[in-house]
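Heads up, the thing below is written out as structure tokens.
The values are calculated or read from the model by the stated rules, or taken from the named source; none is laboratory data. Computed from a predicted model, the values in this text were never measured in an experiment. Glycine gets a Cβ as well: all are built from the backbone with ideal geometry, and neighbour counts include every protein chain shown.
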Amino acid sequence: MSLFDLRLSELHNRLTTKQLSVAELVDASLSRIAETDVKIGAFLTLNEENARKAASELDAELASGGEKGLLFGIPAGIKDNIVTEGLRTTCGSKFLENYDPIYDATVMKKLRAAQSITVGKLNMDEFAMGGSNENSAYHPVRNPWALDRVPGGSSGGSAAAVAARQAYFTLGSDTGGSIRQPAAYCGVVGLKPTYGLVSRFGLVAFASSLDQIGPITKNVEDSAYVLQAIAGHDERDSTSANVDIPDYLSALTGDVKGLKIGVPREYMGKGIDPQVKERVLEALKVFESMGAHWEEISLPHTDYAVATYYLLASSEASSNLARFDGVRYGVRASNPDNLLDMYRRSRSEGFGPEVKRRIMLGTYALSSGYYDAYYKKAQQVRTLIKRDFDQAFEKYDLIIGPTAPTPAFKIGEQVGDPLTMYLNDICTIPVSLAGVPAISIPCGTADGLPVGLQIIGKHFDEATVLRAAHAFESQTGFHNLRPALS
Amino acid sequence: MSISIKDVEHVANLARLELSDADKEQFAGQLNAILKYAEKLNELHTDEIEPTSHVLPIVNVMRDDAVKPSLTAEKALLNAPEEEDGQFKVPAVLE
């Protein structure tokens, strides 16, 4: 059994009882990256020297005894839109090619407090805009299950790194599906917490009313472990919720008897690959066999979610990305004629086509004369979509469906057609608009490619989501399937 | 409603982007397709519906107006493309 097969709790046990040194564990991660990342392309920046130094410090600390952090000595990869002091943070953009953050995101402070070690920064679609990782300004990420296919996005590097066993867990961010969809495509576990559960301080903003950081892991127990370390109120993020954080690990009882599950017919209808639908129906049978009940429900405004999302997210992005002006950080065009020329040329040289497209869409939707027709209208439809979930959760504990309509598609297949690309997110976007938590877990394969099952819960009820996901994976073992990548 | 090249130029100016002629053509086509798709929202009657800007019931988060340590000027300037006398330097705004 390789170290990468061990759960975080088992690694914690081995490390703290000195059966394994932190240096060995970090070395295993760095060696695996050196061996495999030429093929995968998951990492944009490595933190090798600092990671090794931190490892030897933790090994020295073991000699002195005392309480050890929850993630003591565990090597992690971090999506490159989470700022890391002294470690280059590019957001997958040329605009920030040489950006060296002067502070740590709150999640990084929390990971440090839990004594995790950052091995590097992970590739992503530029500014988290995309669902295939093809919008990275550096290089695409390849799916470890099939190197000619996309890993999904925008947290494509974060999902591929876990699937390729390069890091023991990673952090991603999810605005419309950017943790869950790549987790599904790469056959790993991706959790988008309730909006506000995890601080966004230090997450480079894309769409502030939707963005949320979450863990990508090999299994559900690890997901609960990492969530425990990063959740909680932060006075530096005024949209972070001041709620009590439960003990997520103790929620993993394996018992789902009597759970009421709603299955939206809109998530199982047109556009859903027949094999994906089949895997979801099989998963529902597993839940039935464990004593849960499911029935078909309707979330009637599902069909409006993608349009709503692209108007709202692009509008927020056009405003958030106004800060990239070449004044305080990032690229500045050479020899500008004047200030305006500097703004225009710096932004035009620094941003890629998808980022420009969304800034244009958002600027248009917010511009004088169109605000009510597009932005306000979309906010009103968002209310209707949120009500669909509120009503369903009056009767059901969980909502279950596919994470994505199809398995991973081929690199280059959808590049010229932004609208088709956007429709890959049809099952994840409504959840983001409602702000509720959801996890994607492996539920088998279709033609050898992983399929993700999406389990959606009530606001701040991550415990029930994790409990159901954990019971399912314990029963089926689909999370043990792995790519042949040697 | 259809977006013309002139509209694209107007929006690009608002967004402080400089686009090539080929970009303008492409964006006009793609934005038209996306906005046409978005027209389906008009199937829904929403006059009485409150807009949702944010899903959590949090408003006006206040804190004490207390002085705390903040970034030093030196640190704030670490990523500056150009600086002079401890300040960010930009091209002249007025001639």
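Residues that are out of contact with any Gly (no Cβ under 9 Å at 6 or more places or on another chain), of a type in the set (D, E, K, R) and at pLDDT 95 or above were ranked within segment A:38-70; the one that is farthest from residue A:109 (Cα to Cα) is A:39. The conditions of being basic (Lys, Arg), out of contact with any Pro (no Cβ under 8 Å at 6 or more places or on another chain) and buried (at least 19 other Cβ atoms within 10 Å of the Cβ) are met by residue A:218.
Just to be sure before I move on: is residue A:312 more than 30 Å from the chain's Cα centre (by Cα) and either at pLDDT below 95 or more than 28 Å from residue A:395 (Cα to Cα) (or both) in the structure I sent? In short, no. A single member of A:254, A:262 is touching a helix residue (DSSP H, G or I) at 6+ places or on another chain (Cβ under 6 Å) and loosely packed, with under 14 Cβ neighbours inside 10 Å, and it is A:254. So, in segment A:402-421, how many residues would count as being more than 11 Å from residue A:451 (Cβ to Cβ) and modelled with pLDDT of 95 or more? Adding up the residues that qualify gives 3. Residue B:70 falls short on exactly one of the conditions (1) within 30 Å of residue A:460 (Cα to Cα); (2) loosely packed, with under 10 Cβ neighbours inside 10 Å, and that condition is (1). Only residues that are part of a loop (DSSP other than H, G, I, E, B) and hydrophobic (A, V, I, L, M, F, W, C): list them for segment A:283-324, please. The answer is A:290, A:292, A:299, A:324. Would you say residue A:373 is among the hydrophobic types (A, V, I, L, M, F, W, C), modelled with pLDDT under 95 and either surrounded by fewer than 17 Cβ atoms within 10 Å (Cβ to Cβ) or within 19 Å of residue B:49 (Cα to Cα) (or both)? Spelling it out, residue A:373 is indeed among the hydrophobic types (A, V, I, L, M, F, W, C), modelled with pLDDT under 95 and either surrounded by fewer than 17 Cβ atoms within 10 Å (Cβ to Cβ) or within 19 Å of residue B:49 (Cα to Cα) (or both). Of all residues in segment B:55-88, those that are within 9 Å of chain A (Cβ to nearest Cβ) and under 20 Å from residue A:335 (Cα atoms) total 5. Residues in segment A:252-277 that are in a helix (DSSP H, G or I) and within 22 Å of the chain's Cα centre (by Cα) were compared, and the one that is farthest from residue A:471 (Cα to Cα) is A:267. Out of the residues in segment A:110-139 meeting the condition of being outside any loop (DSSP other than H, G, I, E, B) and among the small types (Gly, Ala, Ser), tell me which one is surrounded by the fewest Cβ atoms within 10 Å (Cβ to Cβ). Here the answer is A:113.
For segment A:395-486, which fully contained helices (runs of 4 or more DSSP H) count at least 2 residues that are touching a residue at least 60 places away in the same chain (Cβ under 8 Å) and in contact with a Gly (Cβ under 6 Å, 6 or more places away or on another chain)? Where helices (runs of 4 or more DSSP H) fall fully within segment A:395-486 and carry at least 2 residues being touching a residue at least 60 places away in the same chain (Cβ under 8 Å) and in contact with a Gly (Cβ under 6 Å, 6 or more places away or on another chain), they are A:429-434, A:462-476.
Listed here are the residues, each with its yes/no results for (1) under 30 Å from residue A:382 (Cα atoms); (2) in contact with a Ser or Thr (Cβ under 6 Å, 6 or more places away or on another chain); (3) among the acidic types (Asp, Glu); (4) part of a loop (DSSP other than H, G, I, E, B).
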position	(1), (2), (3), (4)
B:28	yes, no, no, no
B:49	yes, yes, no, yes
B:55	yes, no, no, yes
B:60	yes, no, no, yes
B:70	no, no, no, yes
B:80	no, no, no, yes
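Screening A:416, A:412 for residues that are away from chain B (no Cβ under 11 Å), surrounded by fewer than 19 Cβ atoms within 10 Å (Cβ to Cβ) and of a type outside the set (Ser, Thr, Tyr) leaves exactly one candidate, A:412. Checking every residue in segment A:423-443 against the condition of being farther than 30 Å from residue B:27 by Cα, surrounded by fewer than 22 Cβ atoms within 10 Å (Cβ to Cβ) and in contact with a helix residue (DSSP H, G or I) (Cβ under 7 Å, 6 or more places away or on another chain) gives zero matches. Condition (residue is within 14 Å of chain B (Cβ to nearest Cβ) and either within 30 Å of residue B:83 (Cβ to Cβ) or without any contact (Cβ under 8 Å) to a residue 12 or more places away in the chain (or both)) applied to segment A:273-295: is it met by at least one residue? The answer is no; no qualifying residue exists.
For segment B:22-54, residues that are touching a helix residue (DSSP H, G or I) at 6+ places or on another chain (Cβ under 9 Å), closer than 18 Å to residue A:416 by Cα and more than 7 Å from every other protein chain (Cβ to nearest Cβ) total 6.
Taken over segment B:1-18, the criterion of being at negative phi, at the interface with chain A (Cβ under 7 Å from one of its Cβ atoms) and part of a loop (DSSP other than H, G, I, E, B) is satisfied by B:15, B:17, B:18. Close contacts from segment B:56-81, counting a first residue that is within 30 Å of residue A:433 (Cβ to Cβ) and a second that is among the acidic types (Asp, Glu), with Cβ to Cβ under 9 Å and a gap of 6+ residues or different chains, come to B:61/A:235; B:63/A:235. Can you name the residue in segment A:77-99 that is among the small types (Gly, Ala, Ser) and crowded, with 23+ Cβ neighbours inside 10 Å and is also nearest to residue A:221 (Cα to Cα) among such residues? By that ranking, first place goes to A:77.
Restricting attention to segment A:373-389 and to residues that are of a type in the set (Lys, Arg) and within 8 Å of chain B (Cβ to nearest Cβ), the residue that is nearest to residue A:266 (Cα to Cα) turns out to be A:386. Scanning segment A:254-293 for residues that are farther than 21 Å from residue A:431 by Cα, among the β-branched types (Val, Ile, Thr) and in contact with a Cys (Cβ under 9 Å, 6 or more places away or on another chain) gives a single hit, A:286.
Filtering segment A:325-372 to residues that are facing chain B (nearest Cβ under 8 Å), under 25 Å from residue B:77 (Cβ atoms) and not in a helix (DSSP H, G or I) leaves A:325, A:326, A:327, A:328, A:329, A:330, A:331, A:332, A:336, A:337, A:338, A:351.
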